[in-house]
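J.: Can you keep this structure in mind? I'll have questions shortly.
Quick note: the coordinates plus some simple rules give every number you see, no bench work behind them. Just so it is clear, the model here is predicted, and its values are computed rather than measured. Reconstructed Cβ throughout: ideal geometry from the backbone, glycine too, with neighbour counts over all protein chains shown.
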Amino acid sequence: MGICSSCDSTSVATTKLILQDGQLQEFSYPVRVSYILQKYPSCFICNSDEMDFDDVVSAVNDDEELQLGQLYFALPLSRLRHPLQAEEMAALAVKANSALMRSGGDKCRCHKRSLSPVTFSDEKGGKPSRRVADGGGRKPNFTAKLSAITE
C-alpha cells in the first residue's frame, strides 16, 4: 500500500492501525489486540498483509500483539469471515493512503506524489471505470486489471 522504506529508514518503526473512520493510530510499543478491542468493541483487527481479493477477512487473535512495522485495519464485525471484493480492497487502500499522508506525508517527499485513481474494467464491455465504491445504486461487476511489478 505504498510503503516508502528509503525515506523511513531513520525513523522509529511503529504499528499503524487504520480505524473505520479513516483515522490512524500509531503505537511505538507492542500492544495487544484485546487492548484495542476494549476501545472499539464493534470491530475486529486484521493484518493488511493477510488481505487478498475474494478471500475471507480474518481477525488477528485477541491475545496476539500487533507487530511493529505492520499496517492493520479495524473493520466492523459484519465484515468478519466475508470475502473481500476488489472495490472494497481498493477503498481500504485509499483510506490507508489518506491516513498515512495526513500523519507524516510532509516528512518524505515521496509521499507528496499525486495518486492516480484505481481503475477497474466492467467485465461485460471492458469499459474502464474510476468507481471504487459508491455505497449505493446498482454495482456493475468489476475485474481488477493488475500487473506484476518486477524488481
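J.: So residue 72 fits all but one of (1) in a loop (DSSP other than H, G, I, E, B); (2) free of Cβ contacts under 8 Å to residues at least 60 places away in the same chain; (3) not aliphatic (A, V, I, L, M); what number is the exception?
T.: All conditions are met except number (1).
J.: Let me ask you something else. Which of the residues belonging to region 29-41 are of a type in the set (Ser, Thr, Tyr) and surrounded by 11 or more Cβ atoms within 10 Å (Cβ to Cβ)?
T.: Hits for region 29-41 are 34, 35, 40.
J.: Here is a follow-up. Report, by residue number, each residue of region 42-55 that is outside any helix (DSSP H, G or I) and either exposed (fewer than 11 other Cβ atoms within 10 Å of the Cβ) or not aromatic (Phe, Trp, Tyr) (or both).
T.: Those that are outside any helix (DSSP H, G or I) and either exposed (fewer than 11 other Cβ atoms within 10 Å of the Cβ) or not aromatic (Phe, Trp, Tyr) (or both): 42, 43, 45, 46, 47, 51, 52, 54, 55.
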